[in-house]
1. Keeping to the stretch 130-163, report how many residues are outside any helix (DSSP H, G or I) and of a type in the set (S, T, N, Q).
2. Only one of these conditions is not met by D81: (1) acidic (D, E); (2) modelled with pLDDT under 90; (3) on the phi < 0 side of the Ramachandran plot. Which number is it?
3. Considering only the stretch 120-130, I want to know if a residue exists there that is crowded, with 22+ Cβ neighbours inside 10 Å and either within 14 Å of the chain's Cα centre (by Cα) or among the acidic types (D, E) (or both).
4. Name every residue in the stretch 59-77 that is under 15 Å from L34 (Cβ atoms) and either among the hydrophobic types (A, V, I, L, M, F, W, C) or more than 10 Å from the chain's Cα centre (by Cα) (or both), in order of residue number.
5. Any residue at all in the stretch 152-168 that is under 14 Å from Y93 (Cα atoms), surrounded by 18 or more Cβ atoms within 10 Å (Cβ to Cβ), free of Cβ contacts under 8 Å to residues at least 24 places away in the same chain and assigned by TED's automatic domain parsing to the domain that holds G90?
6. Which one is modelled with the lowest pLDDT among residues in the stretch 169-187 that are assigned to a loop (DSSP other than H, G, I, E, B) and under 15 Å from L88 (Cα atoms)?
7. Please determine, by comparing only the residues of the stretch 105-156 that are of a type in the set (V, I, T) and more than 17 Å from C173 (Cα to Cα), which one is modelled with the lowest pLDDT.
8. In the list L88, L34, L65, L23, which residue meets the criterion of being surrounded by fewer than 21 Cβ atoms within 10 Å (Cβ to Cβ) and not β-branched (V, I, T)?
Amino acid sequence: MTFAALRFMWDSNLSDRTYWYTLPFVSKVGARVLAPVGMRDKLQCAVVERILEADARRAPYDVRLLKAVAAPLGARKIVLDGVSCRELGGVLYDEKHYTRLGRVIVGNAEDGRGYGIAHVLICERRPMCELLISLCGAGGGVLLKGARAEEVAAVLLSAAGVSPDRVLADTRCGGESVAVLLEDIRVNGSVCAWLQKKGLSPEQCDAVIARLR
């Protein structure tokens, strides 16, 4: 097994010591990674300070209590069915937390079952409320594809708290329509107000916000 001692340098509550995690991918000392922290396993950035190869008996900590490093920082490209797609996880949404991985993928692959995708949402030219309500009802990971996929992605990132500038920079195509959408959200004062104006119930708004949080 591979273990990594991480230091959460950007969290003053954690930065005074290292924390052991299992490391399920190849990395190196000095690399930045995303790892779950706390009771809610929110993703934070850490630096790998030490890597150790050992069996469970020689592990640096009880392996039953160790969490796993989630991913390298910035590794959001996913190839599904030979098609390059991207994670909506791994995006900074406040001073230290990143959107969750494995919840939503954007791209025009046929399906993503090999990556744990349970549903494919075809984001065509229909009302945003219909697309978001379909998304709310989908359990597990979702693949967004189609003409409005980038707009739905922008709503999800905005709902998670990602800044408009970062959302727009993350857009791969249809930047003009995403810019208009972000301005419409801004004019309405908040993502929740905008979602309710689009016809979502408070419970559905919460589901949209929680998708990447």
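1. First, the residues of the stretch 130-163 that are outside any helix (DSSP H, G or I): 137-148, 161-163.
From what's left, of a type in the set (S, T, N, Q): 163.
Summing the residues that are outside any helix (DSSP H, G or I) and of a type in the set (S, T, N, Q) in the stretch 130-163 gives 1.
2. For D81, the failing item is (3).
3. no
4. Looking only at the stretch 59-77, we keep the residues that are under 15 Å from L34 (Cβ atoms), and these are 67-77.
K67, A68, V69, A70, A71, P72, L73, G74, A75, K77 - these are the residues of the stretch 59-77 that are under 15 Å from L34 (Cβ atoms) and either among the hydrophobic types (A, V, I, L, M, F, W, C) or more than 10 Å from the chain's Cα centre (by Cα) (or both).
5. Yes - at least one qualifying residue is present in the stretch 152-168.
6. Start the filter on the stretch 169-187 by keeping residues that are assigned to a loop (DSSP other than H, G, I, E, B), which leaves 171-174.
So of that shortlist, the ones also under 15 Å from L88 (Cα atoms) come out as 171-173.
Details: T171: 90, R172: 79, C173: 71.
The qualifying residue modelled with the lowest pLDDT is C173.
7. Within the stretch 105-156, the first condition is being of a type in the set (V, I, T), and the residues that meet it are 105-106, 117, 120, 122, 133, 142, 152, 155.
From what is left, the residues that are more than 17 Å from C173 (Cα to Cα) are 117, 120, 133, 142.
Details: I117: 88, V120: 92, I133: 92, V142: 94.
The extreme case among them is I117.
8. Details: L88 fails: surrounded by fewer than 21 Cβ atoms within 10 Å (Cβ to Cβ); L34 fails: surrounded by fewer than 21 Cβ atoms within 10 Å (Cβ to Cβ); L23 fails: surrounded by fewer than 21 Cβ atoms within 10 Å (Cβ to Cβ).
Within the list L88, L34, L65, L23, the selection yields L65.
The values are calculated or read from the model by the stated rules, or taken from the named source; none is laboratory data. Source: prediction; values computed, not measured. Using ideal geometry, Cβ is built from the backbone for each residue, glycine included, and neighbour counts are taken over all protein chains shown.
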